[in-house]
Amino acid sequence: MSRLHPQEPSPVEPYRLSIVLSTQPAQFQAVAFKGDLAANLAKIAAWDYDGVELAIRDPRLVDAGALCDLLAAHRLAVPAIGTGQAWGEERLSFSDPDPAVRRAAVERVKSHVPLAQRLDAVIIVGLLRGVVQPGVTFAQAWAWVVDALRECCEAAGGQGVRLALEPINRYETPLVNTVAQGLELIDAVATPNLGLLFDTFHANIEEPSIEGSLADAASRLYHVHVADSNRWHPGAGHLDFAAFLAALRATGYTGFVSGEFLPLPDPDTAAQRGLAHLRSLVA
Ligand code: LER
Ligand code: MN
């Protein structure tokens, strides 16, 4: 299957598919691939994914030259860099009451910019925004997140890099659960290089209509995560991915659709079944 240039989506297969790959050990469960980077990239390319989304806790731990060589050897694009491990492993966040922690979170996001620019990847802000901590009001947490995003977006924008804010379900954070709240935050930050990441798993919990909220996100849709209703691979739950892909197409989105799902029944099977299910719907 031929890979597509970003500006030239095929009318037959408008979606390029990627899968989340962690460059370091991580506790977050919905990442199919952790461990041996070279072996995982080889497998993912052999299955005919078009790209990998890299979950990177700290760019200082990544040998960018070796990584780029491997990606080029396997002809894999990197549509996005995930930053949530800095929350999951280190508890860095934009909304921590400790200013030193907020500063470290902002600096961590800024430190992703050179690699993001090199790979032409968006930087994802998921759980790095944090939660509303005890003793902090929602308004205060929101204001800290606005300030942090503005600073990160200004630093990234100078290098032509975009940030994608991910609405996340209420069981993980109260800060931006829906597309509507995400658009409100984007308006408050008021920078041109901040958009949304739409994740079907979170949307299935939070959005009144998955297709309706996709349409609302359209002009600011920078990246997409797919997992089924049970966070297994697409096809393993009850989400209607044919309707989802049709609604996505209607937005004019031509970016990547990135698998972020549980490695079940095992990572290789999940990756292959998820890819096969999505491709069967657009074939
Ligand atoms: C990250 O992309 C995500 O979807 C969150 O559930 C992380 O906790
Ligand atoms: Mn996600």
Exercise. Residues ASP120, ASP96, ASP48: which one is surrounded by fewer than 24 Cβ atoms within 10 Å (Cβ to Cβ), of a type in the set (D, E, K, R), under 24 Å from GLY274 (Cα atoms) and more than 16 Å from ligand 2 (Cβ to nearest atom)?
Worked result: ASP48
Seminar exercise, completed: By residue number, the members of region 241-265 that are in contact (Cβ under 8 Å) with a residue 60 or more places away in the chain, of a type in the set (Ser, Thr, Tyr) and either surrounded by 21 or more Cβ atoms within 10 Å (Cβ to Cβ) or at positive phi (or both) are SER258
For this session: Using the structure shown, decide if ARG75 is modelled with pLDDT of 95 or more, under 19 Å from the mean Cα position of the chain (by Cα) and basic (Lys, Arg).
Result: no
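Filter region 71-83 down to the residues that are open to solvent by less than 30 Å² (accessible area, probe 1.4 Å) and part of a loop (DSSP other than H, G, I, E, B), then identify the one that is farthest from ligand 2 (Cβ to nearest atom).
LEU76
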For this session: Determine whether region 110-130 contains at least one residue that is over 16 Å from the mean Cα position of the chain (by Cα), farther than 30 Å from ASN40 by Cβ and not charged (D, E, K, R).
Result: no
Seminar exercise, completed: When PRO234 is run through (1) part of a loop (DSSP other than H, G, I, E, B); (2) surrounded by 16 or more Cβ atoms within 10 Å (Cβ to Cβ); (3) away from ligand 2 (no atom under 14 Å from the Cβ), the failure sits at (3)
Seminar exercise, completed: Looking across region 92-135 at residues that are under 17 Å from GLY158 (Cα atoms) and of a type in the set (Lys, Arg), the single one that is farthest from ligand 1 (Cβ to nearest atom) is ARG118
For this session: Scan region 19-51 residue by residue and report those that are more than 23 Å from VAL224 (Cβ to Cβ), more than 16 Å from ligand 1 (Cβ to nearest atom) and touching a residue at least 24 places away in the same chain (Cβ under 8 Å).
Result: LEU37, ALA38, ALA42
For this session: Determine which member of the set LEU221, LEU196, LEU239 is over 26 Å from ALA77 (Cα atoms) and either under 17 Å from the mean Cα position of the chain (by Cα) or within 16 Å of ligand 1 (Cβ to nearest atom) (or both).
Result: LEU239
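Being of a type outside the set (Asp, Glu), crowded, with 23+ Cβ neighbours inside 10 Å and within 19 Å of the chain's Cα centre (by Cα) is the requirement here; does ALA105 meet it? Before the answer, list the steps.
On the way: of a type outside the set (Asp, Glu): yes; crowded, with 23+ Cβ neighbours inside 10 Å: yes; within 19 Å of the chain's Cα centre (by Cα): yes.
So ALA105 passes the test.
The values are calculated or read from the model by the stated rules, or taken from the named source; none is laboratory data. Because the structure is predicted, anything quoted here is derived from the model rather than measured. Here the Cβ is made from the backbone with ideal geometry for all residues, glycine too, and neighbour counts use every protein chain on show. Just the protein is used for accessible areas: all its heavy atoms, side chains included, with ligands, DNA and RNA removed. Shrake-Rupley method; radii C 1.70, N 1.55, O 1.52, S 1.80 Å.
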